[in-house]
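The values are calculated or read from the model by the stated rules, or taken from the named source; none is laboratory data. Quantities reported herein were computed from a predicted structural model and do not represent experimental measurements. All Cβ positions, even for glycine, are placed from backbone atoms using ideal geometry, and neighbour counts span all protein chains on display. Protein only, heavy atoms only, side chains kept; ligands, DNA and RNA dropped before computing areas. Shrake-Rupley method; radii C 1.70, N 1.55, O 1.52, S 1.80 Å.
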Amino acid sequence: MDARAWDERYAASDLVWSREPNQLVAAELADLAPGTAVDLGAGEGRNAIWLASRGWSATAVDFSQVALDKGARLAADLGPAAPDVTWVCADATTWRPSAPVDLVVVAYLQLPADERRRAVRGAVESLRIGGTLLLVAHDATNLTEGTGGPRDPAVLMTAEDVVADLAGLDVEVVRAERVARQVTADDGHGGEVRRTAWDCVVRVVRR
(Lines give C-alpha, C1' and ligand atoms only; values in the text may rest on other atoms or scores of the structure.)
Protein backbone atom coordinates (compact mmCIF):
# COMPACT_ATOMS: atom_id res chain seq x y z
CA MET A 1 0.00 0.00 0.00
CA ASP A 2 1.40 3.38 -0.98
CA ALA A 3 1.29 6.81 0.68
CA ARG A 4 -1.72 7.92 -1.37
CA ALA A 5 -3.74 4.91 -0.21
CA TRP A 6 -2.85 5.63 3.40
CA ASP A 7 -3.73 9.30 2.94
CA GLU A 8 -7.16 8.18 1.78
CA ARG A 9 -7.54 5.82 4.71
CA TYR A 10 -6.57 8.49 7.26
CA ALA A 11 -8.84 11.06 5.59
CA ALA A 12 -11.83 8.70 5.70
CA SER A 13 -12.18 8.54 9.49
CA ASP A 14 -11.78 10.68 12.57
CA LEU A 15 -9.03 8.42 13.94
CA VAL A 16 -7.63 5.22 12.48
CA TRP A 17 -5.80 4.43 15.73
CA SER A 18 -6.54 5.44 19.31
CA ARG A 19 -5.50 8.66 21.02
CA GLU A 20 -3.71 6.64 23.68
CA PRO A 21 -0.27 5.11 23.10
CA ASN A 22 -0.03 1.45 22.24
CA GLN A 23 -0.29 -0.46 25.52
CA LEU A 24 2.86 -2.50 24.89
CA VAL A 25 4.88 0.58 23.95
CA ALA A 26 3.73 2.40 27.09
CA ALA A 27 4.45 -0.56 29.35
CA GLU A 28 7.89 -1.23 27.88
CA LEU A 29 9.11 2.38 27.89
CA ALA A 30 7.48 3.82 31.02
CA ASP A 31 10.68 3.67 33.08
CA LEU A 32 13.12 4.77 30.37
CA ALA A 33 14.74 8.15 31.03
CA PRO A 34 13.68 10.79 28.46
CA GLY A 35 15.98 11.77 25.63
CA THR A 36 15.61 12.02 21.87
CA ALA A 37 13.12 9.66 20.25
CA VAL A 38 11.83 8.75 16.80
CA ASP A 39 8.43 7.17 16.21
CA LEU A 40 9.00 5.43 12.86
CA GLY A 41 5.86 4.79 10.82
CA ALA A 42 4.06 6.96 13.35
CA GLY A 43 0.66 7.27 11.70
CA GLU A 44 -1.31 9.81 13.71
CA GLY A 45 1.53 10.02 16.19
CA ARG A 46 -0.05 8.57 19.31
CA ASN A 47 3.23 7.11 20.57
CA ALA A 48 5.24 10.22 19.70
CA ILE A 49 2.72 12.42 21.51
CA TRP A 50 2.88 10.16 24.56
CA LEU A 51 6.67 10.22 24.57
CA ALA A 52 6.76 14.02 24.21
CA SER A 53 4.28 14.37 27.08
CA ARG A 54 6.79 12.47 29.23
CA GLY A 55 9.66 14.80 28.42
CA TRP A 56 11.10 13.20 25.29
CA SER A 57 12.17 15.26 22.30
CA ALA A 58 10.07 13.27 19.84
CA THR A 59 9.99 13.09 16.06
CA ALA A 60 7.11 11.36 14.27
CA VAL A 61 7.95 9.99 10.82
CA ASP A 62 5.36 8.70 8.36
CA PHE A 63 4.82 8.81 4.61
CA SER A 64 1.20 9.96 5.03
CA GLN A 65 1.00 13.73 5.36
CA VAL A 66 -2.71 13.40 6.20
CA ALA A 67 -1.84 11.25 9.22
CA LEU A 68 0.85 13.64 10.39
CA ASP A 69 -1.48 16.64 10.06
CA LYS A 70 -4.05 14.82 12.19
CA GLY A 71 -1.37 14.02 14.75
CA ALA A 72 -0.31 17.66 14.95
CA ARG A 73 -3.93 18.64 15.59
CA LEU A 74 -4.26 15.97 18.28
CA ALA A 75 -1.19 17.35 20.03
CA ALA A 76 -2.46 20.92 19.73
CA ASP A 77 -5.83 19.89 21.20
CA LEU A 78 -4.07 19.19 24.48
CA GLY A 79 -3.89 22.94 25.03
CA PRO A 80 -1.14 25.00 26.70
CA ALA A 81 0.64 21.86 27.88
CA ALA A 82 0.62 20.36 24.38
CA PRO A 83 3.68 18.15 23.83
CA ASP A 84 6.17 19.37 21.26
CA VAL A 85 6.54 16.84 18.44
CA THR A 86 8.43 17.28 15.17
CA TRP A 87 6.40 15.91 12.25
CA VAL A 88 8.33 14.54 9.26
CA CYS A 89 6.76 13.19 6.07
CA ALA A 90 9.19 10.55 4.79
CA ASP A 91 9.60 6.87 3.95
CA ALA A 92 10.21 4.97 7.19
CA THR A 93 12.44 2.46 5.40
CA THR A 94 14.97 5.06 4.27
CA TRP A 95 14.67 8.14 6.53
CA ARG A 96 17.49 8.83 8.98
CA PRO A 97 17.76 11.48 11.74
CA SER A 98 20.39 14.20 11.42
CA ALA A 99 22.06 13.00 14.64
CA PRO A 100 21.96 9.74 16.64
CA VAL A 101 18.95 9.36 18.93
CA ASP A 102 18.27 7.61 22.23
CA LEU A 103 15.17 5.68 21.15
CA VAL A 104 13.45 4.46 18.01
CA VAL A 105 9.93 3.04 18.27
CA VAL A 106 8.61 0.92 15.41
CA ALA A 107 4.99 0.04 16.19
CA TYR A 108 2.91 -1.99 13.73
CA LEU A 109 4.97 -1.06 10.70
CA GLN A 110 3.85 -4.16 8.79
CA LEU A 111 6.09 -4.51 5.75
CA PRO A 112 7.33 -7.31 3.49
CA ALA A 113 10.51 -8.91 4.78
CA ASP A 114 13.03 -6.98 2.66
CA GLU A 115 11.49 -3.60 3.50
CA ARG A 116 11.15 -4.53 7.17
CA ARG A 117 14.80 -5.52 7.30
CA ARG A 118 15.84 -2.19 5.78
CA ALA A 119 13.66 -0.27 8.25
CA VAL A 120 14.83 -2.03 11.42
CA ARG A 121 18.50 -2.02 10.47
CA GLY A 122 18.24 1.68 9.68
CA ALA A 123 16.54 2.21 13.03
CA VAL A 124 19.42 0.59 14.91
CA GLU A 125 21.98 2.52 12.87
CA SER A 126 20.14 5.73 13.89
CA LEU A 127 20.73 5.02 17.59
CA ARG A 128 23.53 6.36 19.70
CA ILE A 129 25.58 3.76 21.55
CA GLY A 130 23.37 2.64 24.43
CA GLY A 131 20.20 3.67 22.59
CA THR A 132 17.09 1.49 22.42
CA LEU A 133 15.05 0.09 19.56
CA LEU A 134 11.56 -1.11 20.48
CA LEU A 135 9.55 -2.92 17.83
CA VAL A 136 5.96 -4.07 18.34
CA ALA A 137 4.15 -5.79 15.48
CA HIS A 138 1.39 -8.21 14.64
CA ASP A 139 2.92 -11.65 15.06
CA ALA A 140 2.81 -14.21 12.25
CA THR A 141 0.73 -16.52 14.46
CA ASN A 142 -1.97 -13.89 14.86
CA LEU A 143 -3.28 -14.85 11.44
CA THR A 144 -4.48 -18.25 12.64
CA GLU A 145 -4.48 -17.96 16.44
CA GLY A 146 -5.46 -14.35 17.13
CA THR A 147 -7.80 -11.57 16.10
CA GLY A 148 -7.46 -8.41 14.01
CA GLY A 149 -4.38 -7.25 12.18
CA PRO A 150 -3.38 -7.74 8.53
CA ARG A 151 -4.55 -10.82 6.66
CA ASP A 152 -1.50 -10.87 4.41
CA PRO A 153 1.11 -13.26 5.85
CA ALA A 154 3.84 -11.49 3.86
CA VAL A 155 3.70 -8.48 6.20
CA LEU A 156 3.54 -10.46 9.44
CA MET A 157 6.62 -11.48 11.40
CA THR A 158 8.00 -13.15 14.49
CA ALA A 159 10.47 -11.85 17.04
CA GLU A 160 12.97 -14.30 15.64
CA ASP A 161 12.54 -12.77 12.17
CA VAL A 162 13.33 -9.31 13.51
CA VAL A 163 16.37 -10.48 15.48
CA ALA A 164 17.62 -12.18 12.31
CA ASP A 165 17.15 -8.89 10.44
CA LEU A 166 19.72 -7.35 12.80
CA ALA A 167 22.43 -9.95 12.17
CA GLY A 168 25.87 -8.36 12.02
CA LEU A 169 24.85 -5.28 14.03
CA ASP A 170 26.26 -4.97 17.55
CA VAL A 171 23.14 -5.09 19.72
CA GLU A 172 22.10 -6.59 23.02
CA VAL A 173 18.73 -8.33 22.74
CA VAL A 174 16.81 -7.34 25.86
CA ARG A 175 13.50 -8.90 24.84
CA ALA A 176 12.32 -10.91 21.84
CA GLU A 177 9.09 -12.83 22.24
CA ARG A 178 5.46 -13.34 21.33
CA VAL A 179 3.05 -11.45 23.58
CA ALA A 180 -0.72 -11.72 24.06
CA ARG A 181 -2.75 -8.53 23.87
CA GLN A 182 -6.39 -8.39 24.93
CA VAL A 183 -8.74 -6.51 22.61
CA THR A 184 -12.46 -5.74 22.68
CA ALA A 185 -14.49 -6.88 19.66
CA ASP A 186 -18.12 -6.85 18.56
CA ASP A 187 -19.80 -10.13 19.43
CA GLY A 188 -22.26 -9.78 16.54
CA HIS A 189 -25.23 -9.28 18.85
CA GLY A 190 -24.73 -5.69 19.93
CA GLY A 191 -22.38 -6.58 22.75
CA GLU A 192 -18.66 -6.87 23.24
CA VAL A 193 -16.33 -9.77 23.79
CA ARG A 194 -12.68 -9.93 24.85
CA ARG A 195 -10.37 -11.63 22.40
CA THR A 196 -6.63 -12.26 22.19
CA ALA A 197 -4.34 -10.75 19.59
CA TRP A 198 -0.75 -11.96 19.26
CA ASP A 199 2.06 -9.47 18.86
CA CYS A 200 5.81 -9.81 18.71
CA VAL A 201 7.93 -7.52 20.86
CA VAL A 202 11.63 -6.92 20.24
CA ARG A 203 13.72 -4.59 22.37
CA VAL A 204 17.44 -4.19 21.70
CA VAL A 205 20.17 -1.83 22.86
CA ARG A 206 22.91 -0.70 20.50
CA ARG A 207 26.41 -1.50 21.75
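Residues that are without any contact (Cβ under 8 Å) to a residue 24 or more places away in the chain and hydroxyl-bearing (Ser, Thr, Tyr) do not occur anywhere in the stretch 157-168. Cβ separations smaller than 7 Å between residues 6+ apart or across chains give the following pairs from the stretch 39-56 residues that are part of a loop (DSSP other than H, G, I, E, B) to residues that are basic (Lys, Arg): 44/70. Answer yes if at least one residue in the stretch 152-172 is at pLDDT below 95 and of a type outside the set (Asp, Glu), and no otherwise. No, there is no match, as no residue in the stretch 152-172 is at pLDDT below 95 and of a type outside the set (Asp, Glu). When the stretch 37-96 is examined, which residues are found to be over 15 Å from residue 26 (Cα atoms) and of a type in the set (S, T, N, Q)? If the condition is that a residue be over 15 Å from residue 26 (Cα atoms) and of a type in the set (S, T, N, Q), then 57, 59, 64, 65, 86, 93, 94 are the ones that fit. Scanning the stretch 55-89 for residues that are among the basic types (Lys, Arg) and open to solvent by less than 50 Å² (accessible area, probe 1.4 Å) yields one hit, 70. Note on the stretch 100-207: enclosed strands (runs of 3 or more DSSP E) holding 3 or more residues that are loosely packed, with under 15 Cβ neighbours inside 10 Å are 127-138, 171-186, 192-206. Only one of the numbered conditions (1) in contact with a Pro (Cβ under 9 Å, 6 or more places away or on another chain); (2) among the small types (Gly, Ala, Ser); (3) modelled with pLDDT under 90 is violated by residue 57, and that is (3). Looking only at residues of the stretch 21-42 that are open to solvent by 60 Å² or more (accessible area, probe 1.4 Å) and more than 13 Å from the chain's Cα centre (by Cα), we find that the one that is modelled with the lowest pLDDT is 31.
When residue 17 is tested against (1) of a type in the set (A, V, I, L, M, F, W, C); (2) at pLDDT below 95; (3) surrounded by fewer than 21 Cβ atoms within 10 Å (Cβ to Cβ); (4) over 25 Å from residue 140 (Cα atoms), only condition (4) is not met. Just one of the numbered conditions (1) under 25 Å from residue 128 (Cβ atoms); (2) free of Cβ contacts under 8 Å to residues at least 40 places away in the same chain is not true of residue 77: (1).
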